[in-house]
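Report on the following structure.
The values are calculated or read from the model by the stated rules, or taken from the named source; none is laboratory data. Only a predicted model underlies this, so the values are computations on that prediction, with no experimental measurement involved. Heads up, the Cβs are rebuilt from the backbone with ideal geometry, glycines too, and the neighbour counts pull from every protein chain shown. The area values use the complete protein model at the heavy-atom level, side chains included, leaving out ligands, DNA and RNA. Shrake-Rupley method; radii C 1.70, N 1.55, O 1.52, S 1.80 Å.
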Amino acid sequence: MARIALGVSGSIAAYKACDLASKLVQDGHVVDVIMTEAAQRFVRPLSLSALTHRRVFTDATWGDDAMPHDHLTVMAEADIFVVAPCTANLLGKLAHGIADDVLTAGYLAAACPVLLAPAMNHRMWAHARVQANVERLRGDGVRFVGPEEGWLSEDEVGRGRMSEPADLVTAIEETLAETP
């Protein structure tokens, strides 16, 4: 059993985070979710709280019924930090150390392996700036799963689709097995 911090950013692929969280809990892991404001446009915190049986951290609830640093404590105790989906916007913030919400602040506080599952339009994924951000993060030791080639919400096909939850579970398990 591992402690998994699951970041969710604002993409239509956020619905897959619910399936991922459920699978991880069913496998016996403790899952703490941190959501961006944009993610909450696609999936409500209540859904992820119901699936994980845990409080969900958001900017709106920061400091409510908890210590203001609880999201940082979650990161200190996490065995792995997974962000699924990870948008182009979030990739840029992470690559440049911008901490303007609970998820990006949590990333900077992570003392564990980080696994990102990008999700965006195929032209965004191919953009030179996004690829430079990916390389910068890889240089920092961040691991990536996907994105995959497939149908995108814009009625287009291309590389940008978030990897499926089952594939992410496999990547999480492999990363945890490699971590001392």
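If the condition is being under 14 Å from the mean Cα position of the chain (by Cα), of a type outside the set (Gly, Ala, Ser) and closer than 19 Å to residue 148 by Cβ, then region 7-41 contributes 8, 12, 15, 16, 18, 19, 20. Within region 156-180, if we keep just the residues that are surrounded by 17 or more Cβ atoms within 10 Å (Cβ to Cβ) and hydroxyl-bearing (Ser, Thr, Tyr), the residue that is nearest to the chain's Cα centre (by Cα) turns out to be 163.
Pairs are defined by a Cβ separation below 9 Å, a sequence spacing of at least 6 or placement on different chains, a first member in region 105-132 that is of a type in the set (Ser, Thr, Tyr), and a second member that is open to solvent by 30 Å² or more (accessible area, probe 1.4 Å) and part of a loop (DSSP other than H, G, I, E, B); the pairs so defined are 107/97; 107/99. Looking at region 125-155 only, could you name the residues that are loosely packed, with under 15 Cβ neighbours inside 10 Å and closer than 17 Å to residue 96 by Cβ? Within region 125-155, 127, 128, 129, 131, 132, 135, 138, 139, 140, 141 qualify.
Scanning region 1-33 for residues that are of a type in the set (S, T, N, Q) and in contact (Cβ under 8 Å) with a residue 12 or more places away in the chain, we see that the one that is nearest to residue 81 (Cα to Cα) is 9.
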